[in-house]
2 protein chains.
Amino acid sequence: MSRLFISRSGQLRERWAAAFEDARADVGLDPAAAAGCASVWLELDTARAARREAAVRDAVAAGRPVIAMAPVPSEADAFALLQAGARGYCHLEAAPEQLREIALVVEHGGLWMPPELTQRVLGLSLRVVPTPPPQVLELDALTSRELMVAEQVARGASNREIAQTLSISERTVKAHLTAIFDKLGVRDRVQLALAMNNISTHSTVN
Amino acid sequence: MSRLFISRSGQLRERWAAAFEDARADVGLDPAAAAGCASVWLELDTARAARREAAVRDAVAAGRPVIAMAPVPSEADAFALLQAGARGYCHLEAAPEQLREIALVVEHGGLWMPPELTQRVLGLSLRVVPTPPPQVLELDALTSRELMVAEQVARGASNREIAQTLSISERTVKAHLTAIFDKLGVRDRVQLALAMNNISTHSTVN
DNA sequence: CGAAACATTGTACTTTTGTGCAGGTTCGCC
DNA sequence: GGCGAACCTGCACAAAAGTACAATGTTTCG
């Protein structure tokens, strides 16, 4: 029982091969081929959003558990695709060990999605999060002023705008930012913005 | 790492022992004992319905994955308990093989519930959780290459990293970005990253 | 009171980002 | 063959972003 990866580009073939000895890849879904697999993995284009659910549904129809792999996972997306019948929803570039983990879960009747999404999907409170190191932001570590700056960045504001809003100099904004980056372990405002919105970032390939 | 079963009656002890060599059973929750387990299984009384969620929460607080075992599984119950932090929800009298299956799933970060409940609970979540903004990005306007760049930015990657990943020069990445900003109507990579994750950004005055 | 944390800002400098201008290539299509 | 779209790139430049070092005032707390 192999794993079938459906991908247009096939760029990640090597990664999949690393995860599963029996990984197979194809550019389109062949129901007959899918039927013989332990699970079907779909690489989702960000484009053609409307087609994604249909793609999942088609794959599900083959009767094997389907895992959707999104380049940019989101809560809404996870909902839609799980509802379309996917049993797993993960980052497209999840590490091989994680892929194996997901396969294990899904092929035994479970649902899998990134911890941070599980949390939000079920509406859990942060404190209650179990198993994996949930990478909860240590927002408590921030001072009140730093928090204000961080929040603005989380909404896409520039240093100048933040300075204006808080009635301080741009230099001070930068000072706060340096402190924030250090405390939260991110390297620039983009990663901060994403982290503030509970989105895992690049270096954190989990 | 054993499995800890919390049960008032202890009637099903033998079944649990059959499922797991390392099964332990107790009548009440001892946080210290729970902390040393692979998973905690709660037998839920039908009586004292109000207490069930609290019981789950207490168990979850110990930091180990919790499976709720209900004598009469129901959709509403499943949702409530998963929301309380349970990672699994099953019939109290599930067969030993199934218990093992569930353990496998839950201890690897998955969610488990009876198949027939899965779809319904997912459907329910949609109604319970505030639906995210419908703001649809015009991702179709992006060319395939631009999309790749945008996705990387959405994960916090720098231009250098993107260039490396796509095997192109940093200059080209910048060229793509300029096109992306224009097409999507954002002004910089931070706003792009947020937009790609369906997060509304600071209202740009200019 | 004095240490420590916080907030603020300046000067100066490095690095990243983003743009303008000016080219190249390839590929499909009329 | 010509044309346009997408892709790729170099040089130059401006504008942000971020860091290093330093300093001053305020608040907080033991």
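The values are calculated or read from the model by the stated rules, or taken from the named source; none is laboratory data. Because the structure is predicted, anything quoted here is derived from the model rather than measured. Because the Cβ atoms are built from the backbone with ideal geometry, glycine has one as well, and the counts that use them run over all protein chains shown.
The table below gives the values:
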| quantity | calculated |
| --- | --- |
| Among (1) surrounded by 19 or more Cβ atoms within 10 Å (Cβ to Cβ); (2) closer than 27 Å to B:P115 by Cα - the single one A:A61 does not satisfy | (1) |
| Spans of helices (runs of 4 or more DSSP H) in the stretch A:145-196 with at least 3 residues under 21 Å from B:G156 (Cα atoms) and in contact with a helix residue (DSSP H, G or I) (Cβ under 6 Å, 6 or more places away or on another chain) | A:170-184, A:189-196 |
| Enumeration of residues in the stretch B:167-179 that are buried (at least 17 other Cβ atoms within 10 Å of the Cβ) and either more than 10 Å from DNA strand D (Cβ to nearest atom) or farther than 13 Å from B:T143 by Cβ (or both) | B:V173, B:L177 |
| In the stretch B:74-88, the residues that are out of contact with any Gly (no Cβ under 6 Å at 6 or more places or on another chain) and either within 11 Å of another protein chain (Cβ to nearest Cβ) or under 19 Å from B:R15 (Cα atoms) (or both) | B:A78, B:F79, B:A80, B:L81, B:L82, B:A84, B:G85, B:A86, B:R87, B:G88 |
| Residue in the stretch A:89-114 that is nearest to the other protein chains (Cβ to nearest Cβ), counting only those that are more than 16 Å from A:V60 (Cα to Cα) and touching a strand residue (DSSP E or B) at 6+ places or on another chain (Cβ under 6 Å) | A:V105 |
| So B:S7, is it modelled with pLDDT of 85 or more, away from every other protein chain (no Cβ under 14 Å) and in contact with a Cys (Cβ under 6 Å, 6 or more places away or on another chain) | no |
| The stretch A:38-54 - residue that is of a type in the set (A, V, I, L, M, F, W, C) and surrounded by 21 or more Cβ atoms within 10 Å (Cβ to Cβ) and, of those, nearest to the chain's Cα centre (by Cα) | A:L44 |
| Lone unmet requirement of (1) more than 8 Å from chain A (Cβ to nearest Cβ); (2) within 12 Å of DNA strand C (Cβ to nearest atom) for B:A195 | (2) |
| Of residues in the stretch B:143-184 being touching a residue at least 12 places away in the same chain (Cβ under 8 Å) and of a type in the set (D, E), the one farthest from the other protein chains (Cβ to nearest Cβ) | B:E146 |
